[in-house]
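> Quick one: the structure is below, and I'll ask about it shortly.
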Amino acid sequence: MSQAVERHIDRSNMTVSDEVAIQITNMNKWYGEFHVLRDINLTVNRGERIVIAGPSGSGKSTMIRCINRLEEHQQGKIIVDGTELTSDLKNIDKIRSEVGMCFQHFNLFPHLTILENCTLAPMWVRKTPKREAEEIAMHFLEKVKIPDQAHKYPGMLSGGQQQRVAIARSLCMKPRIMLFDEPTSALDPEMIKEVLDTMIELAEEGMTMLCVTHEMGFARQVANRVIFMDQGQIVEQNEPEEFFNNPKSERTKLFLSQILGH
Amino acid sequence: MSNTNSLSYVRKEMLEQQPAPRSQVGFTRWVRENLFSGWFNSILTIVSIFVIYKILAGTLPWLFGGVWDATSLEQCRTILTERFGNTHYACWAVLTERWNQLLYGFYPETQYWRANLAFVLMLASLAPVLFDKVPRKMLYLTMAFPFLLVWLVWGGTIWGVTSVAVGFILGGVAFKLVDRFGSMALSTIAAVAVALIWWLFIGPSVVGGLNAVAPLGHLQEVQSRDLGGFMICVIIGISGIALSLPIGIILALGRQSDLFIVKTICVGFIEFIRGVPLITLLFTASLLLNYFLPPGTTFDLTLRVIIMVTLFSSAYMAEVIRGGLAALPKGQYEAADALGLDYWKAQRLIIMPQALKISIPGIVNTFIGLFKDTTLVMFIGIYDMLGLSNAIRANAAWNGIYWELFIFIGLVFWICCFAMSQYSQWLERKLRTDHR
C-alpha cells in the first residue's frame, strides 16, 4: 500500500444496486480539431465508487465535466438519472442540482462566509427557507468537521478545510451522484488525509461517486471499479485488486509503474 | 567530552523587553529619517520650507484678508484700499452676493424650499444605498425619489410623475405575468410594450383628465432653462451616476454574451460612444434631436442631457466592469453552474458582487469623471456654476472677477469628488474578505 491511511472501512452500506445512475454511450468530443474524448461508453450503477486514473491530458477531467455539462459533448448520449443531457436548459439545471461536484481548486465563493457558501444553492435553486437551509448547512459542516468555522470567509481557511467545505456545499443540495475532479491535487500532503477521510465517509454512506484522482491508496480501499484512460479513450477498467495486481494493457502497466514506482 | 559541555548552554530566564533608543522612535526618528538623512536631503528640506513659506505668505493674506461684504467689484476695491492701501486681496463678496444664483441658477426665489427639500430627500435616499447599516425600509424612499425629484424641481401636479411611475409598475406586473410561461426575452418585451403603451397612449389622457378634475399637489411650474448652478450639476450628475451603473453592467454582460446580435449591438454601442467626444453628444442632444423627433413633441432639455451623459458614461462603465469580469477565475462560473444556479442568479449572487468589488476604483473613477463633465453643459446654454461665473462677469458690477469664482467652483467640485473617493476606499476596506 502506498498510503498510510489504512483505516477500518464500514462496508455495510457500500452496495451496488442494479439501478443505472449514469449511462454514457458512444460519446465523442472535440476541442476545435482536437479529438479529446473518443467513443466513451460507461455505465455507472447507483452506489458505485469509481476512480478514474490516467496521465494528464488523457481526458479524465473532461469526461466527468461532461456529466454535468460543464463541457458540452458533440456526439453520443449521456443519460443522468433518467434525464438525457441535451442543450435544453431545463434538463441541464435539473441534472446539475442533483449531481454534486468538487473541484481541484475548491472554487468556494470568496465574498460569502462558509455558511453562506453552503446555503446559497439550497435557498436559490431549491427555494429552501433560510432557517432550514442553515440547519442543513450546519449538519453537513459538522459532518466534515468544521462547524466552528461557519462564519469565517474561505480565505481564512486552510486548503484542506476549504475542500471539505466544498464537499459540504455540494452535499447541501442532497445530490444523488458526486463528481470529484482531482480533489486533493492542490493540497499540501498533510491535508490530503482529512479530505480523503471525508470522501471515505461519503462512500460508506452509499453515495455514487466518480473520482478523478491520483490517490491510488484511496482507489484500492474505496473504489469498486478503477478506470484507466489514455488519449481520450477508456483503455482498461477492472476491480481495484485486479487492476493493480494484474493490469492487462501495456499502457496501464507503464502508468502504474510510474505512479507506484517511487 | 568537556568540550561539548562548555558548548552547550540553556537560558533559564527570559530577558525583559527594553525600550528602543530615543533616536529610534517617535518624532525625532521621523524627522531624522525623512528630512535630514544626509547633507543633500537637509539642503532640499530647507529650500522646500523656504518655498512653502513664500507661497503661503503670498496667498494666505489674499485668502483670509478678503472682503465679504460689498455689492460690486468697485466697492470691494474701495474698501480694500481704505483698509490696506492696496487691492491685493480677494473679493469674496461676489460669493455672498450671488450665493443663491450659484446654488440655484435662475430658479424662482420663492420656490427655493423645493430644491432644498429635494436635496435633503436625495441624501436620505442615498443613505440606504451607500451604507448597509441604514434600515432597509428606507429603500422605498430611494425608489420613490426620482419621481419626487421631478415633481419638486419642475413642479406641476403629482399626476404627471405618478403616471410615469404607473408605467413602470405596469411593466413590472407584465414581466411577472409573462415570466411564468417561459422565456426571459419574451417577458422583457411584454414589459417594455405595456409600459410604452401606457406612457404614450393611455397615460397622457388620464393625466390630463385628473389634472382638470383634481389638480392634486400643484406646484408652480419651473422651466428647465431656469435651472442652473450647483443644483443642475447635482441633478445631472446623480442621475447619470445612478443610471450608468446598471446600464454599464448590462452592456458588459451583453459584450460577453454568446448571442451574436446582442453582442454586436453592445460592442457597436460601446465603441461608438467611446469614439465620440461628450460635447458632440451634448450638441446633438440640444440641437439635432429636435429634427429627428416628430414635430410638436416637447422633450425636456435637461432630460436629453441626462440621457446623453448617462449613455456616455455607461459605455466607459461597461469596459470597467468587463475588466472586473475578466479578473474572476473561471472556477467561479463553473462552481455556480455546478450548483445548478441559472445564468441570472449566478450573475447576481456570485459573479457581479465579486466583479463589481474588483472594479470599484474604476467605477468611482468614471463617476468622478462624469460629475466633473457636467460643467460641459455650459456650452449648450445651461447655466451651471461655470456658466454662471460668465454670466456674473457679464454684469457691470462684477466685471473682471475671476479667481474668487473659480476657486469656489473648484472647491465645491473637489469636496464632492473627494467624498466619493473616500467613500470608495472605505467600501473597499469593508468588502475585503481575504484577510487571514
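The values are calculated or read from the model by the stated rules, or taken from the named source; none is laboratory data. Owing to the predicted nature of the structure, the values given are computational and were not obtained by experimental measurement. Note that each Cβ is placed from the backbone with ideal geometry, even for glycine, and that neighbours are counted across all protein chains shown. For the accessible areas, the whole protein counts, side chains as well, though only heavy atoms, and no ligand, DNA or RNA atoms are used. Shrake-Rupley method; radii C 1.70, N 1.55, O 1.52, S 1.80 Å.
> Starting from the residue with the highest accessible area, list B:Leu216, B:Leu293 in decreasing order, probe 1.4 Å. Show your work: numbers first, answer last.
Numbers: B:Leu216 90, B:Leu293 55 Å².
Ranked list, largest accessible area first: B:Leu216, B:Leu293.
> How much solvent-accessible surface does A:His35 expose, in Å² to the nearest 10, with a 1.4 Å probe and all protein chains in place?
Answer for A:His35: close to 50 Å² accessible.
> Follow-up. Give me the summed buried accessible area for the A-B pair, 1.4 Å probe, to the nearest 100 Å². Mind dumping the intermediate values first?
Details: alone 12330 and 27140 Å², together 37380 Å².
Summed over both sides, the interface buries about 2100 Å².
> Return the calculated 222 nm mean residue ellipticity for chain B, to the nearest 500 deg cm²/dmol, obtained by summing -39500 (n - 2.57) across DSSP H runs with n ≥ 4 and dividing by the residue count. The partial results should precede the final answer.
Numbers: 21 runs with 299 residues, N = 436.
Value at 222 nm, helices only, nearest 500: -22000 deg cm²/dmol.
> Starting at 0 and stepping by 10 Å, how many percent of the alpha carbon pairs of the protein assembly as shown end up in each bin?
Final binned percentages: 2, 10, 17, 17, 15, 13, 12, 8, 4, 2, 0, 0.
> Rounded to the nearest Å, what's the spacing between the alpha carbon centres of the range B:296-336 and the range B:355-388? Just the number, please.
Result: 14 Å between the Cα centres.
> What accessible area per residue, rounded to a whole number of Å², is obtained for the protein assembly as shown using a probe radius of 1.4 Å? Could the numbers behind the result be given before it?
Numbers: 37380 Å² over 698 residues.
Spelled out: the 1.4 Å probe surface of the protein assembly as shown, per residue, equals 54 Å².
> Tell me what chain A gives for mean residue ellipticity at 222 nm when only DSSP H runs of n ≥ 4 count, each as -39,500 (n - 2.57), the sum divided by the residue total, rounded to 500 deg cm²/dmol.
Value at 222 nm, helices only, nearest 500: -11000 deg cm²/dmol.
> For a test of the definition: using alpha carbon positions, the gyration tensor, and the 1.5 limit on a/c, classify chain B as rounded, prolate or oblate.
oblate
> Any chance you could check the range B:387-436 for residues losing 20 Å² or more of accessible area when the partner protein chains are in, compared with the chain on its own (1.4 Å probe)?
B:Thr433, B:His435, B:Arg436
> Okay, next question. Using alpha-carbon positions, what is the distance between the centroids of the range A:1-78 and the range A:223-261, in Å?
14 Å
> Once you treat every alpha carbon in the range B:157-218 as an equal point and sum by Debye, what is log10 I(q)/I(0) at q = 0.14, 0.17, 0.26 Å⁻¹?
-0.44, -0.58, -0.94
> Separate question: In whole percent, how big is the carbon plus sulfur part of the accessible area of chain B, probe 1.4 Å, protein atoms only?
Values: 17820 of 26060 Å².
Exposed carbon and sulfur together represent 68 percent of the surface.
> If you average the C-alpha positions of the range B:222-267 and of the range B:391-436 separately, how far apart do those two centres end up, in angstrom?
22 Å
> On the accessible surface of chain A, probed at 1.4 Å, how many percent belong to carbon and sulfur atoms? Write down the numbers at each step before the final one.
On the way: 5400 of 11320 Å².
Reported share for carbon and sulfur atoms: 48 percent.
> With a 1.4 Å probe and all protein chains kept in place, how much accessible area does B:Ser205 have, in Å² rounded to the nearest 10?
The accessible area comes out at roughly 80 Å².
> Let me ask something else. Within 10 Å of each Cβ in peptide A:108-114, how many partner chain Cβ atoms are there on average? Round it to a whole number, please.
Numbers: counts 3, 10, 8, 10, 5, 1, 0.
Mean shielding by partner chains, rounded to a whole number: 5.
> Which whole number gives the average, over all residues in B:301-310, of C-beta atoms from other chains lying within 10 Å of the residue C-beta? Can you show the working numbers first?
On the way: counts 0, 0, 0, 0, 0, 0, 0, 0, 0, 0.
Mean partner-chain Cβ count within 10 Å for B:301-310: 0.
> Taking each residue of B:343-352 in turn, how many C-beta atoms of other protein chains fall within 10 Å of its C-beta, and what is the average? Walk me through the intermediate numbers first.
Values: counts 1, 0, 4, 1, 0, 1, 8, 5, 1, 0.
Partner Cβ neighbours, averaged per residue: 2.
> Something else now. For a test of the definition: using alpha carbon positions, the gyration tensor, and the 1.5 limit on a/c, classify chain A as rounded, prolate or oblate.
Working: a/c = 1.70, a/b = 1.24, b/c = 1.36.
Oblate shape, in that a/c is at least 1.5 and b/c is the bigger or equal ratio.
> Under the definition of Cα pairs under 8 Å and six or more residues apart, what whole-number percent is the relative contact order of the range B:17-135? All intermediate terms of the calculation are to be shown ahead of the outcome.
Numbers: 63 pairs, mean separation 18.3, N = 119.
Computed over the range B:17-135, the figure is 15 percent.
> Shape of the range B:1-146 from its Cα gyration tensor (a ≥ b ≥ c, root eigenvalues): rounded if a/c is under 1.5, otherwise prolate when a/b > b/c, or oblate?
Details: a/c = 5.81, a/b = 1.60, b/c = 3.64.
Verdict is oblate for the range B:1-146.
> On to the next question. What order do you get for A:163-170, B:280-287 when each peptide is scored by the mean count of other beta carbon atoms within 10 Å, highest first?
Details: A:163-170: 26.8, B:280-287: 16.9.
Order by mean packing, descending: A:163-170, B:280-287.
> Once you keep just the Cα pairs under 8 angstrom separated by 6 or more residues, what percentage relative contact order results for the range B:157-218? Spell out each step's value before the answer.
On the way: 54 pairs, mean separation 31.6, N = 62.
Over the range B:157-218, the number comes to 51 percent.
> Which order, highest average first, do A:237-244, A:205-212, B:48-55, B:239-246 follow once you tally other Cβ atoms within 10 Å for each residue and take the mean per peptide? Walk me through the numbers on the way to the answer.
Working: A:237-244: 15.9, A:205-212: 21.5, B:48-55: 10.2, B:239-246: 19.5.
In descending order of packing, they fall as A:205-212, B:239-246, A:237-244, B:48-55.
> Another one. May I ask you to list the aspartates and glutamates whose Cα is less than 17 Å away from that of B:Lys133, ignoring any residue fewer than eight positions away on the same chain?
B:Glu428
> Normalised by the number of residues in the range B:307-371, what is the relative contact order in percent for Cα pairs under 8 Å and 6+ residues apart? Could the numbers behind the result be given before it?
Working: 37 pairs, mean separation 32.7, N = 65.
Relative contact order, the range B:307-371: 50 percent.
> At a 1.4 Å probe radius, which order do B:Thr59, B:Thr433 fall into by accessible area, largest first? Could the numbers behind the result be given before it?
Numbers: B:Thr59 60, B:Thr433 15 Å².
Of B:Thr59, B:Thr433, the descending order of accessible area is B:Thr59, B:Thr433.
> Counting only complete DSSP H runs, which helices of chain B cover 30 Å or more along their long axis at the Cα atoms and score a mean Kyte-Doolittle of 0.0 or above? Show your work: numbers first, answer last.
Working: long enough: B:39-64 (37 Å, 1.57); B:229-256 (40 Å, 1.89); B:301-327 (39 Å, 1.39); B:403-431 (41 Å, 0.84).
Going by DSSP H runs, the hits are B:39-64, B:229-256, B:301-327, B:403-431.
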